[in-house]
Amino acid sequence: MPGPALFSMLVAVFAGSAVPFQAASNAVLGKVLGHPLWATLVSLCISAALVLPTIWLMRAPAPLTAQLAHAPWWVWTGGVGGVIYISAALILTPRMGAASFIVCVVAGQMLSSMLIDHYGLMGLTPRPVHMGRILGVLLILAGMGLVQWFTPSVAAAAESKSATADHSGAQENNPSLTQRAGADNSTRSS
């Protein structure tokens with residue numbers, strides 16, 4: 001594998017590793033602000049506040065706004081996709097957990113990426129789908145299923161957390177654990 005390709009892959013992995021932190025921090029921000037959509041707006045404003053000085057530091061030329069009139073309609077969908085993703089992350093990450101949410105996001109990205117590549121959508125050069133690529137996506141979908149299957153529900157995770165938080169008397173203070181322990185004892189005695 002050539003050096004530039006490996007470097008690009010490492011940068012992509014690094015960028016991807018930031019996404020779960022974004023989802024988790026935005027989820028908390030949504031709770032703090034009282035609604036996930038406020039957190040979406042704040043997140044996008046922070047992005048704009050960071051990109052503006054970066055444009056200046058990189059001495060990017062002024063945008064070619066005259067060409068916007070001739071651009072395809074779908075050039076605006078990137079912003080729509082950003083709002084959909086950020087809002088979904090804000091709402092679903094607390095419910096699903098970061099790993100479960102992100103593995104579903106990756107599966108969705110792979111499925112839509114395969115369609116974009118195969119048909120050369122959105123101005124990209126077509127890259128036909130073949131068995132190796134299909135197998136790779138099937139493995140990602142299988143991984144998504146495994147992560148979902150082996151991820152405890154929110155209630156089970158909260159129950160486990162409360163049981164391990166207080167080792168002394170936790171069962172006495174947690175009615176669901178006490179009931180379960182009683183059910184276990186009655187099952188053993190029969």
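Annotations for the structure displayed:
- Computed accessible area, residue 38, all protein chains, 1.4 angstrom probe, square angstrom: 150
- Across all C-alpha atoms in the stretch 43-133, the radius of gyration and Dmax reach 17.2, 45 Å.
- For the stretch 5-160, a/c is not less than 1.5, where a ≥ b ≥ c are the root eigenvalues of the C-alpha gyration tensor, and a/b does not top b/c. That puts it in the oblate class.
- C-alpha center-to-center spacing [the stretch 1-36, the stretch 67-118] in angstrom: 13
The values are calculated or read from the model by the stated rules, or taken from the named source; none is laboratory data. Computed from a prediction, not measured in an experiment: that's the story for all the values here. In case anyone asks, the SASA skips ligands and DNA or RNA and just uses the protein heavy atoms, side chains included. Shrake-Rupley method; radii C 1.70, N 1.55, O 1.52, S 1.80 Å.
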